[in-house]
Amino acid sequence: MSGPALSGTRSDKAAPARPELIDAVPVRHPGRWAGAVIIFIVAALLVQSLVTNQNFRWDTVGTYLLDVLVIQGIGWTLLLTVLSMVIAIVLAILLAFMRQSDNPLFRYVSWVWVWFFRGTPVYTQLVFWGLIAVLYPKIALGVPFGPELFSFSTQDVINAFIAAVLGLGLNESAYLAEIFRAGLKSVDTGQMEAAEALGMRKSKIMWRIILPQAMRVIVPPTGNETIGMLKTTSLVLAVPFTLDLTFVTNGIANRSYLPIPLLIVAAIWYLVITSVLMVGQYFIERHYGKGVDNLIPAPVKATQAVTAAHTTPATTADEGGHV
Amino acid sequence: MSTPMNETVAAVKTGEPLVRIEDVHKFFGTHHVLRGIDMTVREGEVSVIIGPSGSGKSTLLRCVNMLETISAGRIRVRDDLIGFRDVNGRLHHLPAKDIAAQRREIGMVFQRFNLFPHRTALQNIIEAPTQVKRQSKAAARAKAMELLDRVGLAEKADYYPAQLSGGQQQRVAIARALAMEPELMLFDEPTSALDPELVGDVLNVMKDLAQSGMTMIVVTHEIGFAREVGDTLTFMDAGVVVESGDPREVMANPQHARTREFLSRVL
Ligand SMILES: Nc1ncnc2c1ncn2[C@@H]1O[C@H](COP(=O)(O)OP(=O)(O)OP(=O)(O)O)[C@@H](O)[C@H]1O
Ligand SMILES: [Mg+2]
């Protein structure tokens, strides 16, 4: 408290003189300067080689950077990333909840799912999804060993794109499930008890109390996984799905015998998308850090609500509650 | 019943029994924590429980709102059997939905507050009324502001728990429990995580709540509160009720050596 002149106590004295502020010489860091010089020289050499080395073929990079095939490839890559991550996240939440369930069957199913999809290579799984129509030419819904309700040809439904999304999404769900499980476990058990004591049901507690707090822990590694997924999509040629960024740039490179500039084109675009994803992650983290990580000074609109709630204005002080 | 019971129970309050705890036992595995607890709390009564660490006070409170399930005996609140349904003499576990419904009538305040850190004080309070009782947001907010005003924190409505002192957090937690309009409030050492200078604010809120007629079971080490506000004082040790009666009487004239020893340490 630095209020003006506390009555009585000090009013006779003049305000204390402003103290002489310390103006000390800072510690010198010669090592930092040496390090900076070295880093600068290395960076300069790197830039020089990028500019002067003709083998990079920057003109070709420029030509293909906005090529319509490349842009379409980006679109497919983004679509694969987003859809497979959406599937993975939905499944992961379900799997993580199942893993915490009181129902032992749910716990086992969740465990086996993670065991299987994490335990086999994603490449193998993608090839497998590509061959699903060979394995099951027809998908039918009906009573096991009983009558069929309806059926359709697998090839019509699971085309290469769907196979790719399913392959990527199901594989990723196993990794995300573990991230979500860790997140849920990081929330203090008192939170569950407090919500239970208020008469809230388990599903509501999970959605409204536990998961939002767990998201603080879940978002950073999930961002990591999303960026990983962006690049894992290049494996979809295993299905085979052949419209994504890596496959398209490879194709152009093979036709034009210019592999290096097209690798650079792909790398630039992957970097751009990654940067955008990182910005998105920053905002998501900020949202879920509310109340814990980013404590903005509290707003004061509460006082208006007080007057709305009472006919007489509230005269309470912070100290001493009175019922 | 083999537990030593004091016969000088001076029931100050004459209301109907609200909580009836009958020969309750609780095992954690083979650990016999509650060993036949009998206790009655009348409407409007403030029942204070004291006892050494590990004597089972928290466990008993947690059994009353089903955060723990009792191993033997019965707990009744009003006419509800807590956690079970009696079908022709055979007990059936209640489904989660019915347990939640029973808990709505019982507020609980924890030693470590357990406010939802991602919600402001106001949001903490309206969470259950809007989500469980399906009250409108506006009605719940108006009620919440009234409660915040009651605990002296109206101007802190939009603060996050991390921005409040321990004492303020605990008062918000009390308001949050009251928002469900429970007929019984359980307090598990509500002031023991607080700095000494913050204890008074919380005790004042509890005292006023008691004066407003709320039925309360309070586990506390605040002997002064027990003497001043309590209608009954129960001393527990090693899972049994050693002695129970009018707080002033028990403190002035404890009947059992264990009670005397405990009181000599805390008074
Ligand atoms: N979930 C549990 N699993 C196993 N044992 C438990 C569990 N909860 C409590 N206990 C044991 O039960 C006994 C009573 O614990 P309880 O928390 O009820 O004591 P208390 O009287 O509240 O003590 P304190 O004053 O320290 O809070 C202790 O021995 C404790 O170790
Ligand atoms: Mg305890």
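What to note about this one:
- Between region A:207-268 and region A:97-113, the Cα center-to-center distance that results, in Å: 30 Å
- With an a/c value of 1.5 or above and a/b not larger than b/c for the gyration tensor axes a ≥ b ≥ c computed over the alpha-carbon atoms, region B:53-108 is described as oblate.
- With θ taken as phi - 60° and the Karplus curve 6.51 cos²θ - 1.76 cosθ + 1.60 applied, the whole-hertz 3J(HN,Hα) list for region A:41-52 is 5, 4, 5, 5, 4, 4, 4, 4, 5, 4, 6, 8 Hz, x standing for glycine and proline.
- For region B:171-250, GluC sites (Glu not before Pro) meeting the loop criterion (DSSP other than H, G, I, E, B) and having at most 16 other Cβ atoms within 10 Å: B:183.
- Rounded to the nearest 10 Å², the accessible area of residue A:86 at probe 1.4 Å: 80 Å²
- Nearest-0.05 FRET efficiency for residue A:102 and residue A:20, computed from C-beta distance (R0 51 Å): 0.15
- Region A:16-68 and region B:133-160 have their alpha-carbon centroids 53 Å apart.
- Karplus-derived HN-Hα couplings along region A:288-295 (A = 6.51, B = -1.76, C = 1.60, θ = phi - 60°), whole Hz, x at Gly and Pro: 7, x, 3, x, 10, 8, 10, 8
- Flagged links, alpha-carbon separation over 18 Å, of B:133/B:156; A:202/B:133; A:204/B:133; B:97/B:133: B:133/B:156
- Nearest-ten-degree value, helix B:166-178 long axis tilted from longest Cα axis of chain B: 90 degrees
- Peptide B:198-205 is shielded by partner chain Cβ atoms: per residue, an average of 2 of them sit within 10 Å of its Cβ.
- Hz values of 3J(HN,Hα) by residue in region A:65-81 - Karplus curve (6.51, -1.76, 1.60), Gly and Pro given as x: 4, 10, 4, 4, 5, 5, 4, 4, x, 4, x, 5, 4, 5, 4, 4, 4
- Average beta carbon contacts from partner chains per residue of B:143-149, 10 Å cutoff: 5
- Farthest toward positive dipole pole in the protein assembly as shown [+1 Lys/Arg, -1 Asp/Glu at C-beta], among B:99, A:93, B:58: A:93
- Label-point gap, in nm, between residue A:72 and residue A:141 - each point 7 angstrom along Cα→Cβ: 3.4 nm
- Taking A:90, A:292, A:61 in turn, the Gaussian network model of chain A (Cα-Cα springs below 10 Å) assigns the largest fluctuation to A:292.
- Taking other residues whose beta carbon is less than 15 angstrom from the beta carbon of residue B:206, and scoring Lys, Arg as +1 and Asp, Glu as -1, yields -3.
- Cα gyration tensor shape for chain A, rounded if a/c is under 1.5, else prolate or oblate: oblate
- Residue-averaged 222 nm ellipticity for the protein assembly as shown, from DSSP H runs of 4+ at -39500 (n - 2.57), nearest 500: -16000 deg cm²/dmol
- Looking at chain B, the accessible area is 40 square angstrom per residue; that uses a 1.4 Å probe and ignores ligands, DNA and RNA.
- Taking amide H as placed 1.01 Å from N in the peptide plane, residue B:72 has its amide H under 5 Å from the amide H of B:25, each at least 5 places away in sequence or on another chain.
- Summing charges over all other residues whose Cβ lies under 13 Å from the Cβ of residue B:258, with Lys and Arg as +1 and Asp and Glu as -1, gives -1.
- By accessible area with a 1.4 Å probe, ligands and nucleic acids excluded, highest first: order of A:58, A:207, A:33: A:33, A:207, A:58
- Amide proton proximity set for residue A:291, modelled H, under 5 Å, gap of 5+: A:296
- Most mobile of A:225, A:285, A:20 in a GNM of chain A (Cα contacts under 10 Å): A:20
- Per-residue average of Cβ from other chains inside 10 Å of B:98-111: 3
- Of the residues B:210, B:179, B:100, the one that moves most in a GNM of chain B with alpha-carbon contacts below 10 Å is B:100.
- Residue-count net charge about residue B:62 - beta-carbon cut-off 11 Å; Lys, Arg +1, Asp, Glu -1: -2
- Oblate is the label for the protein assembly as shown. Its Cα gyration tensor axes, ordered a ≥ b ≥ c, give a/c of at least 1.5 and b/c at or above a/b.
- Cα lying deepest toward the dipole's positive end in the protein assembly as shown, options B:235, A:125, B:18, charges on Cβ: A:125
The values are calculated or read from the model by the stated rules, or taken from the named source; none is laboratory data. Just so we're clear, the structure is a prediction, and the values are computed from it rather than from any experiment. No Cβ is skipped: glycine too gets one built from the backbone with ideal geometry, and neighbour counts run over all protein chains shown. Each accessible area value is taken on the protein alone, full model and side chains, heavy atoms only, with ligands, DNA and RNA left out. Shrake-Rupley method; radii C 1.70, N 1.55, O 1.52, S 1.80 Å.
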